[in-house]
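Quick notes on the structure that follows.
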Amino acid sequence: MIENDPLGFIGILAAMTLSVFVMRAGGFWLIGRFTLGPRVHRMLDALPGAVIAATVAPILVNGGVSAWLAVGAATLTMIVVRNDFAAVVAGVAAAALARAAGL
């Protein structure tokens with residue numbers, strides 16, 4: 001379908017981009033209209049960790065040994081080095097090596 005109408009794909013992509021921007025900008029605008037208490041601040045501070053956990057959990061359930069090794073390597077690297085980029089590189093490298101080894 002996209003092969004027949006490449007402008008349709010661009011239109012859909014532009015509409016999705018615009019909708020994401022409007023939602024994010026609207027969220028920033030809306031949150032700026034309220035005074036946030038300490039309870040809301042604690043919730044917002046904990047939210048990134050919850051999003052990461054919700055993303056990683058299904059990967060660990062379905063990913064097998066290579067996924068567990070990748071997450072373990074990334075976690076260990078983050079504990080030791082405290083560098084996000086190094087943790088991602090370690091996780092990807094561990095997954096690649098595990099898969100190359102047939103795990």
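Read the figures in this text as sums done on the coordinates, not as results from a lab. This one's a predicted model, so the numbers in the text were calculated from it and none came from an experiment. Every residue, glycine as well, gets a Cβ built from its backbone with ideal geometry; the counts of neighbours run over all protein chains shown.
How much mean residue ellipticity at 222 nm does the chain get from its helices, if each DSSP H run of length 4 or more adds -39500 (n - 2.57) and you divide by all residues, to the nearest 500 deg cm²/dmol?
It lands at -29000 deg cm²/dmol.
State, as an integer percentage, the relative contact order of the chain based on alpha-carbon contacts under 8 Å between residues 6 or more apart.
Values: 45 pairs, mean separation 18.7, N = 103.
Answer for the chain is 18 percent.
Under DSSP H, which helices of the chain have Cα atoms covering 30 Å or more of the helix axis and a Kyte-Doolittle average no less than 0.0?
Helices passing the filter in the chain: 6-31, 38-63.
Let me make sure I get this right: for segment 1-42, a, b and c are the square roots of the gyration tensor eigenvalues over alpha carbons, sorted descending. Under 1.5 in a/c it's rounded, otherwise prolate if a/b > b/c, else oblate. Which is it? The partial results should precede the final answer.
Numbers: a/c = 9.92, a/b = 4.11, b/c = 2.41.
Cα axes put segment 1-42 in the prolate bin.
Are there any chymotrypsin sites (Phe, Trp or Tyr not before Pro) in segment 2-103 that are in a DSSP loop and have at most 14 other Cβ atoms within 10 Å? List them by number.
The qualifying sites are F34.
Amide H to amide H under 5 Å from G64: which residues, 5+ apart in sequence or cross-chain, H placed 1.01 Å off N in plane?
none
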